[in-house]
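Participant: One structure, as structure tokens, below. Some questions next.
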Amino acid sequence: MSKDIKETENFITIENIKVPIEGEKNLLVLIRKANIEIPTFCYHSNLSTYGACRLCLVDIEGMGIQASCSIKPKVGMKVKVHTAQIREMRRVNVELLLASGYHECTTCSKNTFCKLQSLARQLGIKEIRFKKTEKKSPRDLSSDAIVRDPSKCILCGDCIRMCEEVQAVGAIDFAFRGSDTEVVPSLNKNLKDVECVYCGQCTRVCPTGALSPKSEVSKIWADLHDKKRKVAVQIAPAVRVAIGEKYDLAPGKSTTGLIVTALKMLGFDYVYDSSFSADLTIVEEANEFLDRFTKNKNMPQYTSCCPAWIRFVEQFYPELNKNLSTCKSPQQMLGALVKEDFVRKGGKRKDISMISVMPCSAKKHEAKREEFSKEQYADVDHVITTVGVSRMIDEMGIDFRNLKPSSFDLPFGFKTGAGVLFGASGGVTEAVIRYVAEKLALKEDDIDCTALRTIDGVKEINLKVGKKEVKIAAVSGLKNAKDLIEDLKSGKRHYDFIEVMACPGGCVGGAGQPVYSKVKHRQKRAEGLYKADVTLELHKSQENHYVKKVYEELGCKVGKGLAHELFHTHYTDRKKHK
Amino acid sequence: MKTESQEKISKILENYSYKPEKLIPILQKVQDEYNYLPKDVMDFIAYKLNIPSARVFGVATFFAHFAITPKGKYIIKVCDGTACHVKKSEAIINKIKEKLNLTNSNTSEDGLFTLECVSCLGACGLAPVVVIGGDVHAQVTTQQISDLIDGIKNEAKK
């Protein structure tokens, strides 16, 4: 038998169409390859298969009705996706879910991007034939970052598997039994009292409003309406390549100028760019690295821009606190700097607010950390997500797509391409390399950073410095970080510099971003950042003249004096069992 | 948590070689020790087994055998299986609740009794069946259950 015939025989039939099997792990993936968006709540390609929601049902000849997520494709299978019986079963399942919780769409935080809502629409559900249950559990508002609304939970378990399998945290799990089953934080405590690191990846996969990032929109409106108050805002790099998705623009399409205009229309007095303070971070952090590397002190150095990662280290590996860069994150650096600048120019600390627009939920918690305040005023007052700011834009009725772009305010709105890269996993590393290469007079043409731009959770790159080799890793997803730490402990791997971002893919895939489900989608956002780097005038943080000016004005050198006070921090041992 | 309780639990964990897959027998032994599963104990077990405490809590609340609040000295198991139910076990349950003033909790305020409803004790011929502290009582009436409780109460007072 020739190879060609063998290959053509390797297919299954889905709704009368032949679909080749190419190593797919289950039937569901194969059905999607045939361009049929089969409904599911509990299947995510990066999580283990749970098979609980019973929506991805198919009728396989000779096997009857099966959940396609749990079936391996076999040559010759004949599959029907939409029989009358299956359609009715799906409808019943969704109707029962709708009947068993408080799904009040109009007031829900996930309104318009809720999976339950969109599946009800997709399945054409017009009425719920079952009696509504009367049980309504109170919301858990204890966490600064995440709101839990158990009465909206459909028990798909996506959050649990995300928290444990991808993030290696395990702060939530099923508890109780049968109709009493609930998803609860460890030992039924409040979310703020358990191991949660606030990354919010649970909110990203939660198909309903049961888990969502906490909104601070009303507090921000209050600041904006306060006529005596000056309100500054900063935008994180990852926001600009994702917010457009809320306005039917392609993922990765950069909308920087439009956001600036929109924020000015909302009433912000100063619109700044977190990419500026990302440049500042690089100057501080790369300098710190060179110092540690030459002295071989507190090595390897881990990055510190991701607050969920910081929390993870403090809770589970406090012995590594000393290995973390002492640099604050760009959000906190800019908060501290803008307020200090305002005060130095004659303003009063109580009269200025700093708002940050972040792709992240953990940033909300970071801003509330005690050490990030001066004279009782927080360096960053409120944090709003990408989705949150789009809601403010919508509330004002702004036609986002047709705005005229404007520029950031100076000096803290000026950035180099290096600062923009921060939004994607590997970006901080690339920016650090651009700095270090120049300082160590390395041949830049020899350095190829393409390995840092892949979708992988662990990326590596080596730099040759004289006879020495600097081994660098960029990791995203906390399970990957945990595995790496364990390997370093046992001596299986060795690195000198390690970038860690809690969310898979980095900030472009953060919990504050419009919901995405495909890695390709997330990668488009990262590509948007790479494009922005190319279009910008400068590409190395050390070339940012406004960054240089900061040190002149503060009258100090990198990492010293006031710069140390404003841009560096310390960490706390938060291990529960000592 | 006290060091002595930590040592006590560590000993149990040692007997099971700190294997997470032995969580259920471990919890059984710990419950034998404490008569229920205190939260800090579950937390300690999770830490020692290197699994999330959320999982331990999930297992502990899944099985009716485990209690996360202290149980009474005497456990009253009332069978509410099909046969017992037909023979009016519900009236017995209501009588016990009324007598022990059980509203929000299944354990009486004096910590003497815990009411547990079980699905079948496998003694349908004796329906309705009640088991108190290991003693099986057959074809129980509301009057009898009332007397039994009074008897134990009087005994406890002595």
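The values are calculated or read from the model by the stated rules, or taken from the named source; none is laboratory data. Note that the coordinates shown come from a computational prediction; the quantities given were computed from them, not determined experimentally. Every residue, glycine as well, gets a Cβ built from its backbone with ideal geometry; the counts of neighbours run over all protein chains shown.
Participant: Taking A:Cys305 and the conditions (1) without any contact (Cβ under 8 Å) to a residue 24 or more places away in the chain; (2) under 30 Å from A:Leu403 (Cβ atoms), which numbered condition does it fall short on, given that it satisfies the others?
Facilitator: Of the numbered conditions (1) without any contact (Cβ under 8 Å) to a residue 24 or more places away in the chain; (2) under 30 Å from A:Leu403 (Cβ atoms), the odd one out for A:Cys305 is (1).
Participant: Related question: Take the residues in the stretch B:34-46 that are farther than 9 Å from B:Ser5 by Cβ and in a helix (DSSP H, G or I); name whichever of them is farthest from the other protein chains (Cβ to nearest Cβ).
Facilitator: This residue is B:Ile45.
Participant: For the stretch B:47-57: of the residues being within 18 Å of A:Asp193 (Cα to Cα) and more than 7 Å from chain A (Cβ to nearest Cβ), which is nearest to the chain's Cα centre (by Cα)?
Facilitator: Residue satisfying both the conditions and the ranking: B:Val56.
Participant: Can you find even one residue in the stretch A:116-136 that is surrounded by 18 or more Cβ atoms within 10 Å (Cβ to Cβ), farther than 25 Å from A:Ala84 by Cβ and either under 30 Å from the mean Cα position of the chain (by Cα) or without any contact (Cβ under 8 Å) to a residue 24 or more places away in the chain (or both)?
Facilitator: No, the conditions are met nowhere in the stretch A:116-136.
Participant: So, one more: Looking at B:Val56 and the list (1) of a type in the set (Val, Ile, Thr); (2) more than 30 Å from B:Leu148 (Cβ to Cβ); (3) at pLDDT below 95, which single condition is not satisfied?
Facilitator: Unmet condition: (3).
Participant: Tell me which residues, restricted to the stretch A:261-288, are aliphatic (A, V, I, L, M) and in a helix (DSSP H, G or I).
Facilitator: The answer is A:Ala262, A:Leu263, A:Met265, A:Leu266, A:Ala278, A:Leu280, A:Ile282, A:Val283, A:Ala286.
Participant: Residue under question is A:Gly170, and the condition is that it be buried (at least 17 other Cβ atoms within 10 Å of the Cβ), within 14 Å of another protein chain (Cβ to nearest Cβ) and closer than 30 Å to A:Ile12 by Cβ; does it hold?
Facilitator: No; evaluated as a whole, the condition is false for this residue.
Participant: Moving to a separate point now. Surrounded by 14 or more Cβ atoms within 10 Å (Cβ to Cβ) and closer than 20 Å to A:Lys189 by Cβ - does that describe any residue in the stretch B:76-86?
Facilitator: no
Participant: Right, here's the next one. Just checking, does the stretch A:141-150 include any residue being closer than 28 Å to A:Pro39 by Cα and within 14 Å of chain B (Cβ to nearest Cβ)?
Facilitator: Yes: one or more hits.
Participant: Answer with yes or no whether B:Ala60 is under 30 Å from A:Lys576 (Cα atoms), touching a residue at least 24 places away in the same chain (Cβ under 8 Å), part of a loop (DSSP other than H, G, I, E, B) and within 14 Å of chain A (Cβ to nearest Cβ).
Facilitator: Criteria not met by B:Ala60.
Participant: For residues in the stretch A:548-578 being in a helix (DSSP H, G or I) and of a type in the set (Phe, Trp, Tyr), which is farthest from the other protein chains (Cβ to nearest Cβ)?
Facilitator: Of everything passing the filter in the stretch A:548-578, A:Tyr551 is farthest from the other protein chains (Cβ to nearest Cβ).
Participant: Tally the residues that are over 21 Å from the mean Cα position of the chain (by Cα) and either under 16 Å from A:Ser274 (Cα atoms) or in contact (Cβ under 8 Å) with a residue 12 or more places away in the chain (or both), restricting the search to the stretch A:396-431.
Facilitator: Number satisfying all stated conditions: 18.
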